[in-house]
Amino acid sequence: MSARDDSINHLAGVVRPTDVASASRDPLALAGSELDLVRRAKGGDGHALRALAEGELPRVERLLGRMLGPRPDFEDLVQNVFLELCRALPSFREESRFSTFVGGITVRVARRALRPSAYQRRRAPMPLELVGSEESPEHAASSRERLEGLHRALDALTAKKRIAFTLWALDGMSPEEIAELTDSKPHTVRSRIYHARHELMANPVVRSLLGEP
């Protein structure tokens, strides 16, 4: 059993029942079935909590992968997201989407992981699938070197710039969506994206990957 499966199994025994008053806000922000699961999970229903966690797992993995890139503690970070979700669930207000709530937790975990004290810049080997299987060994080595150069360029950005840029460029989110996840203003997110792109384009490796002169 992987760490992520273990974390989801663990969630069912961690959430404590809480007094869930009937929603005074518009519940239409959540789908009916999801809203029911959220309310049951907040009331201590472990099966409902597991269903919510399993539904969000692919998105959490995708967001963390976009923001952080390959790293040896990836499974631990996924587990941290769901453990924090477990603790924060009683505070979830039904006026926003549950996926946005989970996305905000994911961003906070990523921010902490990007602090030098939290991660000593030891990266896992680049996945082989990022390099074409039909490439020659020389071409594969060159591609791997360029990808490593891209990750080093991303490492040079501040955490806030990196998160904003990767969510915009790699996950296709709008500045408004990123602002909601990061508790920022849209114009602040646009500024972070602009400056991140400017800094990245100053790197010859990044320009080469993007086909820029």
Go through the stretch 157-199 and give me each residue that's out of contact with any helix residue (DSSP H, G or I) (no Cβ under 7 Å at 6 or more places or on another chain) and closer than 19 Å to G69 by Cα.
T158, A169, G172, E199
Is it the case, given these coordinates, that F82 is part of a helix (DSSP H, G or I), touching a Phe, Trp or Tyr at 6+ places or on another chain (Cβ under 9 Å) and of a type in the set (F, W, Y)?
no
Please work out if T100 is at pLDDT 90 or above, surrounded by fewer than 20 Cβ atoms within 10 Å (Cβ to Cβ) and among the β-branched types (V, I, T).
yes
Would you call L52 farther than 23 Å from H151 by Cα, surrounded by 15 or more Cβ atoms within 10 Å (Cβ to Cβ) and among the aliphatic types (A, V, I, L, M)?
yes
Looking only at residues that are surrounded by 18 or more Cβ atoms within 10 Å (Cβ to Cβ) and more than 15 Å from the chain's Cα centre (by Cα) in the stretch 157-183, which one is farthest from V102 (Cα to Cα)?
L157
Is it the case that some residue within the stretch 38-59 is closer than 26 Å to D155 by Cβ, in contact with a Ser or Thr (Cβ under 6 Å, 6 or more places away or on another chain) and in a helix (DSSP H, G or I)?
no
Helices (runs of 4 or more DSSP H) wholly inside the stretch 148-213 that include at least 2 residues being modelled with pLDDT of 90 or more and either of a type in the set (S, T, Y) or outside the structural domain of F98 (by TED's automatic domain parsing) (or both):
159-169, 175-182, 186-201
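The values are calculated or read from the model by the stated rules, or taken from the named source; none is laboratory data. In this text, all values refer to a predicted model and were calculated from it rather than measured experimentally. A quick note on method: Cβ atoms are made from the backbone with ideal geometry, for glycine too, and the neighbour counts reach across all protein chains shown.
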